[in-house]
Amino acid sequence: MIKARGKLGLHLFFKSRFWVIFLLGSFLLGVRWTKGAGYLDFYSILLKPILPGTAQKEWIQEGENTEQIIRLKLLEDDNVRLRKALALQEFNNDQRISAAVISRSSRSWWQQLEINKGSKDGILKGQTVIGPGGLIGLIDSTTPLTARVRLLTDPGHQVGAWINRSKHHGILIGMGTNRPKLIFLNKNNLAQVGDTVTTSPASTLLPPNLIIGVIQFVDKKALPAPYAIVQLTASPEAIDWVQVLKKNDYK
């Protein structure tokens with residue numbers, strides 16, 4: 001009788017153990033088969049009442065705010081770029097000639113570009129060329145149908161410049177990048193980082209008060225005269241459309 005009960009208990013023990021192993025194996029096989037999807041779902045259900053916590057909510061809100069700010073900035077940049085591009089094409093009148101950039105050479109990327117308007121359209125050597133953002137260069141030569149623009153960034157190219165805040169003149173010299181050097185005409189310059197650089201209001205060779213760029217660096221101890229590095233507001237490396245200003249536009 002006792003033996004029978006012992007055998008029965010042992011049988012039930014092994015049977016229950018079998019089912020435990022079977023269920024555990026099935027569970028592990030299911031996790032592997034579904035790559036843990038069911039387990040993650042179950043884990044998610046357990047955590048749902050307590051997530052997101054206070055810290056997580058703050059991080060989520062901060063991330064959403066950052067995304068909205070970046071998205072708004074991108075939309076504003078696109079809006080400004082499109083407005084400038086449209087404005088350049090609309091100003092095709094007796095005083096300003098809109099033209100497309102048709103050629104750039106990798107060897108002279110910072111020196112010059114070619115446009116699709118020439119002497120037949122009234123373009124002459126020495127005329128001022130502007131792009132979205134401000135001054136980019138001067139007409140260097142023409143053919144009946146095209147013209148070559150010498151950029152402000154051309155090494156050695158010099159034009160007069162003016163800092164309105166300090167009322168100082170200087171000479172802007174191309175350096176082969178979008179940051180030309182501004183050489184001051186005296187040692188008593190009062191230029192500061194952030195100052196706007198324009199063409200001189202008294203200029204007869206260039207239209208007065210055309211925006212050139214913003215001062216990024218100033219070396220007041222340089223010899224023989226202080227100088228500054230100017231970040232151009234127009235980007236000659238990314239110009240697609242330009243405007244050529246006729247002389248009677250600013251005489």
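Placing pseudo-labels 7 Å out from each Cα toward the beta carbon at ASN164 and TRP109 gives an inter-label distance of 3.3 nm. Placing a label point 7 Å from the Cα of GLN216 along the Cα-to-Cβ direction, the residues of region 94-118 whose backbone N falls under 19 Å from that point are 109-112.
For the listed residue pairs LYS117/LYS181; LYS181/LYS221; LYS117/LYS247; LYS120/LYS181; LYS167/LYS220, the alpha carbons are over 25 angstrom apart in LYS117/LYS181; LYS120/LYS181.
For region 139-166, the residues whose backbone nitrogen is under 18 Å from a point 7 Å from the Cα of GLN231, taken along Cα to Cβ, are 153. Across region 97-249, the relative contact order, built from alpha-carbon pairs under 8 Å that are at least six residues apart, equals 25 percent. For ALA222, the residues whose modelled amide H falls within less than 5 Å of its own, excluding neighbours fewer than 5 places apart on the same chain, are TYR227.
Readers should treat all values here as calculations from the given coordinates under stated rules, not as data from a laboratory. Being a predicted model, the structure only gives us computed values, none of them experimental. Quick reminder, even Gly has a Cβ in these numbers, built from the backbone with ideal geometry, and neighbours come from all protein chains shown.
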